[in-house]
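Since the structure comes first, as structure tokens, the remarks are kept for the end.
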Amino acid sequence: MEQLQEKDANGKSVGEWHTFCPHQVKQIMDWKDEHGNPLGLEDFYDENDHRYFTEKYWEAVHHPLLPRKTYRAMDIMARVMVAQLETGTPYMFYRDEVNRQNPNKHKRGIGKTSIYCSNLCTEIAQNMSPTTITKEYQDEDGNIVIVRKPGDFVVCNLSSVNLPNAIRSEVLDRLISIQVRMLDNVIDLNTISVGQAEVTNKKYRAVGLGTFGWHHLLALENIHWESDEAVEFADKVYEDIAYYTIKASMKLSKEKGSYSEFEGSEWQTGTYFDRRDYHSDRWNQLRQDVATYGIRNGWLMAVAPNSSTAKIGGSTDGIDPLYAVEYAEEKKNFKFKVTAPDLDHVTYNYYRRARHELDQVWSIKQNAKRQRHIDQGISFNFYVRHDIKAKDLLNLHVAAWENRLKTTYYVRSTSQTEIEECEACHS
């Protein structure tokens, strides 16, 4: 993204991007971790105060023996945007920001990548590492026995809050306390057939408390989508959600014990709270409580798409604007009519603009406020017209990056056929 900003005197983007074979990088650059394992460029990220990846990248660029292919950065981005308008994909994953905000980066260390990608719906951001073979031998019966050391194999345990019901009934604190306990129970009650996943699930006890019904809530509160009021409201609502969620996990830790990798994490050191500028009285008290009693779950919040769940719950999808006041949604085997929830002569004014006509910059602003409080990711779609100019779509991506979003999901254009999505997250 930085190379896209490099321009000549005429304002043309001239920044270059060099690509390397990962295997050749490990062979030639000879970077090693503390255990002597080879490292590649993908194993570094830039922190706010130290550009670890950038230093390694330019070291590779200037190495005379390392083969590479060089492209104009804007040419790569242009191909990405064409694909997004034609298929909705690829998704964007801002690896620096994801790893900067990771509360469990202590396992590999500052500047070393712990999270390499997200899941299909782009809301999960947890540590990952390969499973390795530590021993292989033949037993008395002639069987080849392979001993494997499990890597971090990501598991997502998800459920979501119906925002309009919870907030307008003023039960958010009580509801989240129950929800975090239920999510934590899932970790112990579920049986996972993949061994590495079972180990990782118990190791970090990660959960993903999410939300749906954001547009529904705005309409009930008489707040227009394209407004500073909506941005400020997103900041307030999701800060409360973060506070209640962390508090609930801290209480569970006091009762049952913290997750096994708590020591040295940003939860324990308090860096997590500093990064998000949490310094009010309630946050200072919670910070002390977490340091004293620990926290039950290594990751706590993730906002999934929640489309099917929202329909069942009589609300609007995830954090997305409503498609239209009334429309038909077609699934694989059936079609059904969708009407804006709680539609009347008052709320109509807050629903009437179709989602593809809304200025997506306001959606980015809302999500930037929201992302500050969510420790994992958020399924965040762009809704654009099929005839959007390349410059305008590029500006949306740049704005998402500059506003420190971790990921963006589909680019939904008016001419695009809906793509079948991950059923587990979508439901």
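For the chain, with only Lys/Arg (+1) and Asp/Glu (-1) charged at the beta-carbon, what is the dipole magnitude about the Cα centre, in debye rounded to 20? Could the numbers behind the result be given before it?
On the way: 53 positive and 62 negative charges, 28 e Å.
Charge dipole of the chain: 140 debye, to the nearest 20.
By the gyration tensor of its Cα atoms, with a ≥ b ≥ c the square roots of the eigenvalues, what is the shape of the chain: rounded for a/c under 1.5, prolate for a/b over b/c, or oblate?
Oblate is the answer for the chain, as a/c is 1.5 or above yet b/c matches or exceeds a/b.
Which far-off residues, 5 or more places away or on another chain, put their amide H under 5 Å from the one on R148, with H placed in the peptide plane?
T134
Give the long-range amide H neighbours of V338: residues separated by 5 or more places, or on another chain, with amide H under 5 Å away, using H modelled in the peptide plane at 1.01 Å from N.
Here Y327, A328, E329 satisfy the definition.
Over the stretch 289-427, what relative contact order in percent results from Cα pairs under 8 Å that are six or more residues apart?
In percent, rounded to a whole number, it is 28.
Compute the separation of the alpha-carbon centres of the stretch 305-356 and the stretch 97-162 and state it in Å as a whole number.
37
Fewest first, what order do L120, L65, L218, L405 take by the number of other Cβ atoms within 10 Å?
Least to most surrounded, the residues fall as L65, L120, L405, L218.
Which far-off residues, 5 or more places away or on another chain, put their amide H under 5 Å from the one on Y383, with H placed in the peptide plane?
Amide H to amide H, under 5 Å and 5 or more residues apart or across chains, Y383 pairs with R412.
So for the chain: antiparallel DSSP bridges make up what percent, rounded to the nearest 5?
Here the share of antiparallel DSSP bridges comes out near 70 percent.
Give the residue from V147, G298, V199 lying farthest towards the positive end of the charge dipole for the stretch 88-427; charges sit on Cβ (+1 for Lys and Arg, -1 for Asp and Glu) and the dipole is referred to the Cα centre.
Toward the positive end, the furthest listed residue is V147.
Starting with the fewest neighbours, write out C121, C21, C156 ranked by other beta-carbon atoms found within 10 Å of each beta-carbon. If you can, show how the numbers build up before the last one.
Numbers: C121 26, C21 14, C156 19.
Fewest-to-most Cβ neighbours within 10 Å comes out as C21, C156, C121.
Hey, what did the chain get for relative contact order, percent, Cα under 8 Å, at least 6 apart?
19
Post the alpha-carbon centroid distance, the stretch 1-61 to the stretch 66-92, in whole angstrom.
Their Cα centres are 17 Å away from one another.
Can you compute the charge dipole magnitude of the stretch 336-382 about its Cα centre, using +1 on each Lys and Arg Cβ and -1 on each Asp and Glu Cβ, nothing else charged? Give it in debye, rounded to the nearest 20.
Numbers: 8 positive and 5 negative charges, 24 e Å.
Result for the stretch 336-382 is approximately 120 debye, rounded to the nearest 20.
Positive end of the dipole of the stretch 1-105, charges at C-beta (+1 Lys, Arg; -1 Asp, Glu), about the Cα centre: which of L4, H50, Q101 has its Cα farthest in that direction?
L4
Cα to Cα, under 26 Å, and not fewer than 8 places away if on the same chain: which lysines meet these conditions relative to K389?
Cross-link targets: K7, K12, K365, K406.
Run the numbers on the stretch 3-82 and let me know its relative contact order in percent, using alpha-carbon pairs under 8 Å that are six or more apart.
Dividing the mean separation by the residue count of the stretch 3-82 yields 37 percent.
For each pair in K203/K369; K32/K203; K332/K391; K112/K256; K32/K135; K256/K369, compute the distance between the two Cα atoms and list the pairs where it is over 28 Å.
Working: K203/K369 30 Å; K32/K203 26 Å; K332/K391 35 Å; K112/K256 31 Å; K32/K135 22 Å; K256/K369 32 Å.
Listed pairs above 28 Å: K203/K369; K332/K391; K112/K256; K256/K369.
When a footprinting reagent is the concern and you count Cβ atoms within 10 Å, what order do S114, S193, S363, S169 take, fewest first?
S193, S169, S114, S363
Using +1 at the C-beta of Lys and Arg and -1 at the C-beta of Asp and Glu, which of Y272, V180, T131 has the Cα lying farthest in the positive direction of the dipole of the chain?
T131
Here, each number is a calculation from the coordinates, and none is a lab measurement. Worth saying up front: this structure is predicted, and the values here are computed from it rather than measured. Heads up, the Cβs are rebuilt from the backbone with ideal geometry, glycines too, and the neighbour counts pull from every protein chain shown.
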